[in-house]
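Step one of this worksheet: look at the structure below.
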Amino acid sequence: MLRRKPTRLELKMDDTEEFESIKKELENRKRQREEVSCPSGGGASDGEPHPSRADVINERIGFKPTPKMAAPPTFFGNL
């Protein structure tokens with residue numbers, strides 16, 4: 001098997017600045033969502049169901065599962 005040199009990744013100032021700006025933007029969004037969902041600080045007492053962890057992940061990656069229709073069982077074809 002051929003060996004190759006390890007890839008070298010360099011962290012630049014632009015990368016760190018971009019990371020910090022995205023991080024601040026996400027924190028602001030999270031803070032705004034919390035303020036909108038519970039402005040009085042009431043917590044989860046407003047009766048709205050929170051999405052499950054799997055739903056959050058599926059939404060983030062863009063996966064929208066569609067349920068498959070169950071076909072009736074066939075008994076060795078049609079007799």
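The values are calculated or read from the model by the stated rules, or taken from the named source; none is laboratory data. This is a predicted model, so every value here is computed, not measured. These accessible areas exclude ligands, DNA and RNA; they are computed on the full protein's heavy atoms, side chains included. Shrake-Rupley method; radii C 1.70, N 1.55, O 1.52, S 1.80 Å.
Specify the residue that is nearest to L26 (Cα to Cα); the eligible residues are those in the range 54-68 that are open to solvent by 100 Å² or more (accessible area, probe 1.4 Å) and at pLDDT below 90.
Result: R60.
Can we say M13 is over 24 Å from the mean Cα position of the chain (by Cα) and modelled with pLDDT of 90 or more?
Spelling it out, M13 is indeed over 24 Å from the mean Cα position of the chain (by Cα) and modelled with pLDDT of 90 or more.
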